[in-house]
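> Quick one: this structure, given as structure tokens, is what I'll be asking you about.
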Protein chains: 2
Amino acid sequence: MMTLLSAPASPFGRKVKITAKLKGLFDQLSVENIDTSQPANPVLKARNPLQKIPVLILADGTELYDSQVICEYLDSLVADPRLIPASGMVRFKTLRRGALADGLMDAAVLLVYEQRFRPEAMRSEAWTARQQSKIDQTLAHLEAQPPEWSGQPDYGDITLASALGYLDFRHGGRWRSNHPALVAWLGQFGQSISAFDETAPR
Amino acid sequence: MMTLLSAPASPFGRKVKITAKLKGLFDQLSVENIDTSQPANPVLKARNPLQKIPVLILADGTELYDSQVICEYLDSLVADPRLIPASGMVRFKTLRRGALADGLMDAAVLLVYEQRFRPEAMRSEAWTARQQSKIDQTLAHLEAQPPEWSGQPDYGDITLASALGYLDFRHGGRWRSNHPALVAWLGQFGQSISAFDETAPR
């Protein structure tokens, strides 16, 4: 049995959960929810000094993070479906797509934190614009060359779906109005991959 | 020939440069410095919609990011020295050490941005304490079980050295006073690996 420290709203936790479900490993995971809005959660701090979720705790107590490392570990445990190609440019392009979607999440999370941790007078328009620009540019980039839906999602797809799901959950889904190709892609992902709905934040 | 978009002060760029030097690939890199303090650098934006450095541009124009993906790509081009073990728990523990050091850099960079992007009245003590706690906990964790110096640094070592170098450069080296084992480790790294000094921010 493995333990996953996560939180229902975390997009980084969601990509790990979707990965575990696609690999048939989810029932070997005990998910423990961590409230990261409070400083210094002792359970999390003892497992990851960065105090970030997700953390995967293996049966022997070994901790793994961050989400990319956890996903690659889970991918290595079971042969099929392969979510990260083993080698070659297809591997690096898959990892790049994951890094792009991770960056989308990072910017979206920083915007939430700007609201959560600061009273209104201490919120910076320049900082907000900087993060929003990362989101807008990345969505425009993806919209111009949207991922093709093959029916077999890879690690890049899983991460992107989790990032877009977070924009729906925490940013009111405003991205949908001007990114029809991405909206269509996410619709196909959600219809085909039941793990997406099963891991949605409520 | 490959192009690396980076900046002299970037710890994420530094780990890529050290990796390239250890792999004997640095003279195949043309390093282009990007000023990320200004919004929307057009060169960077065209190559990475997240507008983050480093970006590696391959001879055929393919862009790779983030720094972990670039380091793994460079590691794949030349057999020796192997910086990221190919498989097994030793691989995941190396990647975890890299993720820990990346998180150290992220928190240290966010503290610099708190100063750079906000006038004093808009700086948050709670936010600063949150990031400082990540740094302090991670350093304490590493100090309690410092990496062993084998003479053959791996990806985790390279990333950690770059993170500690950034704490020296941007945070006045205050970490040194109470982490003697890490100070000794970084001293050995710097003495043995000339790429460390060669990539130091000036």
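The values are calculated or read from the model by the stated rules, or taken from the named source; none is laboratory data. On a predicted model such as this, the values are computed, not experimentally measured, just so you know. Cβ atoms come from the backbone with ideal geometry, glycine included; neighbour counts cover every protein chain shown.
> For region B:137-152, enumerate the residues that are in a loop (DSSP other than H, G, I, E, B), free of Cβ contacts under 8 Å to residues at least 12 places away in the same chain and polar (S, T, N, Q). Let's see the steps before the verdict.
Our first condition is that a residue be in a loop (DSSP other than H, G, I, E, B); within region B:137-152, this holds for B:145-152.
Still in the running and free of Cβ contacts under 8 Å to residues at least 12 places away in the same chain: B:145, B:148, B:150.
Within region B:137-152, B:Gln145, B:Ser150 qualify.
> Which residues, taken from region A:99-108, are within 7 Å of chain B (Cβ to nearest Cβ) and not hydrophobic (A, V, I, L, M, F, W, C)?
So the first thing to find is which residues in region A:99-108 are within 7 Å of chain B (Cβ to nearest Cβ), and the list is A:99-100, A:103.
Answer for region A:99-108, where residues must be within 7 Å of chain B (Cβ to nearest Cβ) and not hydrophobic (A, V, I, L, M, F, W, C): just A:Gly103.
> On to the next question. Please verify whether region B:181-189 includes one or more residues that are in contact (Cβ under 8 Å) with a residue 60 or more places away in the chain, more than 20 Å from A:Tyr65 (Cα to Cα), among the hydrophobic types (A, V, I, L, M, F, W, C) and in a helix (DSSP H, G or I). Working first, answer last.
Let us first name the residues in region B:181-189 that are in contact (Cβ under 8 Å) with a residue 60 or more places away in the chain, namely none.
Scanning region B:181-189, I find no residue that is in contact (Cβ under 8 Å) with a residue 60 or more places away in the chain, more than 20 Å from A:Tyr65 (Cα to Cα), among the hydrophobic types (A, V, I, L, M, F, W, C) and in a helix (DSSP H, G or I), so the answer is no.
> State whether one or more residues within region B:42-51 are within 18 Å of B:Ile158 (Cβ to Cβ) and surrounded by 14 or more Cβ atoms within 10 Å (Cβ to Cβ).
Start the filter on region B:42-51 by keeping residues that are within 18 Å of B:Ile158 (Cβ to Cβ), which leaves none.
No: zero hits.
> I need the full set of residues from region B:52-71 which are surrounded by fewer than 16 Cβ atoms within 10 Å (Cβ to Cβ), without any contact (Cβ under 8 Å) to a residue 12 or more places away in the chain and of a type outside the set (Val, Ile, Thr), in order please. Outline the logic, then answer.
Kept after step one, since they are surrounded by fewer than 16 Cβ atoms within 10 Å (Cβ to Cβ), are these residues of region B:52-71: B:58-62.
Filter once more, so that each one left must be without any contact (Cβ under 8 Å) to a residue 12 or more places away in the chain: B:60-62.
B:Asp60, B:Gly61 - these are the residues of region B:52-71 that are surrounded by fewer than 16 Cβ atoms within 10 Å (Cβ to Cβ), without any contact (Cβ under 8 Å) to a residue 12 or more places away in the chain and of a type outside the set (Val, Ile, Thr).
> Separate question: Looking at region A:39-47, can you tell me whether even one residue there is more than 10 Å from chain B (Cβ to nearest Cβ), under 21 Å from the mean Cα position of the chain (by Cα) and closer than 24 Å to A:Thr138 by Cβ?
Checking region A:39-47: not a single residue is more than 10 Å from chain B (Cβ to nearest Cβ), under 21 Å from the mean Cα position of the chain (by Cα) and closer than 24 Å to A:Thr138 by Cβ.
> Just checking, does region B:51-68 include any residue being in contact with a Pro (Cβ under 6 Å, 6 or more places away or on another chain), under 21 Å from A:Met89 (Cα atoms) and either of a type outside the set (D, E, K, R) or in the same structural domain as B:Ile193 (by TED's automatic domain parsing) (or both)?
Scanning region B:51-68, I find at least one residue that is in contact with a Pro (Cβ under 6 Å, 6 or more places away or on another chain), under 21 Å from A:Met89 (Cα atoms) and either of a type outside the set (D, E, K, R) or in the same structural domain as B:Ile193 (by TED's automatic domain parsing) (or both), so the answer is yes.
> In this structure, is B:Leu160 assigned by TED's automatic domain parsing to the domain that holds B:Gly103, surrounded by 13 or more Cβ atoms within 10 Å (Cβ to Cβ) and under 19 Å from B:Arg96 (Cβ atoms)?
Details: assigned by TED's automatic domain parsing to the domain that holds B:Gly103: yes; surrounded by 13 or more Cβ atoms within 10 Å (Cβ to Cβ): yes; under 19 Å from B:Arg96 (Cβ atoms): yes.
When the stated conditions are applied, B:Leu160 passes them.
> Step by step: first the residues of region A:58-98, then only those that are within 8 Å of another protein chain (Cβ to nearest Cβ), hydrophobic (A, V, I, L, M, F, W, C) and more than 25 Å from A:Ser6 (Cα to Cα), then the one that is farthest from the chain's Cα centre (by Cα). Which residue is that?
A:Met89
> May I pose another question? Please find, among B:Tyr155, B:Tyr113, the residue that is among the hydroxyl-bearing types (Ser, Thr, Tyr) and in contact (Cβ under 8 Å) with a residue 12 or more places away in the chain. Talk me through it step by step, then tell me what you get.
On the way: B:Tyr113 fails: in contact (Cβ under 8 Å) with a residue 12 or more places away in the chain.
Every option except B:Tyr155 fails the conditions.
> Just wondering, is there one or more residues in region A:142-149 that are facing another protein chain (nearest Cβ under 9 Å) and touching a helix residue (DSSP H, G or I) at 6+ places or on another chain (Cβ under 8 Å)? Walk me through how you get there before you give the answer.
First pass over region A:142-149, keeping only residues facing another protein chain (nearest Cβ under 9 Å): A:142.
Filter once more, so that each one left must be touching a helix residue (DSSP H, G or I) at 6+ places or on another chain (Cβ under 8 Å): A:142.
Yes, that holds for at least one residue.
> Would you be able to tell me the number of residues in region A:82-129 that are in a helix (DSSP H, G or I), among the basic types (Lys, Arg) and at pLDDT 95 or above?
Looking only at region A:82-129, we keep the residues that are in a helix (DSSP H, G or I), and these are A:89-117, A:120-122, A:125-129.
Adding the requirement that they be among the basic types (Lys, Arg) leaves A:91, A:93, A:96-97, A:116.
From what is left, the residues that are at pLDDT 95 or above are A:91, A:93, A:96-97.
Of the residues in region A:82-129, 4 are in a helix (DSSP H, G or I), among the basic types (Lys, Arg) and at pLDDT 95 or above.
> Moving to a separate point now. Go over the candidates B:Ala107, B:Ala184, B:Ala121 one by one and state the one that is hydrophobic (A, V, I, L, M, F, W, C), surrounded by fewer than 16 Cβ atoms within 10 Å (Cβ to Cβ) and under 30 Å from A:Ala126 (Cα atoms). Give the derivation first.
Numbers: B:Ala107 fails: surrounded by fewer than 16 Cβ atoms within 10 Å (Cβ to Cβ); B:Ala184 fails: under 30 Å from A:Ala126 (Cα atoms).
Residue meeting the stated conditions: B:Ala121.
> So which residues in region B:163-180 are assigned to a loop (DSSP other than H, G, I, E, B) and loosely packed, with under 14 Cβ neighbours inside 10 Å, if there are any at all?
Step one: of region B:163-180, the residues assigned to a loop (DSSP other than H, G, I, E, B) are B:171-173, B:179.
Within region B:163-180, B:Gly172, B:Gly173 meet the criteria.
> Could I ask something else about it? Scan region A:87-101 and tell me whether some residue there is surrounded by 15 or more Cβ atoms within 10 Å (Cβ to Cβ), within 19 Å of A:Val16 (Cβ to Cβ), assigned by TED's automatic domain parsing to the domain that holds A:Arg170 and hydroxyl-bearing (Ser, Thr, Tyr).
Checking region A:87-101: at least one residue is surrounded by 15 or more Cβ atoms within 10 Å (Cβ to Cβ), within 19 Å of A:Val16 (Cβ to Cβ), assigned by TED's automatic domain parsing to the domain that holds A:Arg170 and hydroxyl-bearing (Ser, Thr, Tyr).
> Scan the strands (runs of 3 or more DSSP E) fully inside region A:1-63 and keep the ones with 3 or more residues being at pLDDT 95 or above and either among the basic types (Lys, Arg) or out of contact with any strand residue (DSSP E or B) (no Cβ under 6 Å at 6 or more places or on another chain) (or both). Steps first, please.
On the way: elements: A:2-6, A:29-33, A:55-57.
Output list is empty.
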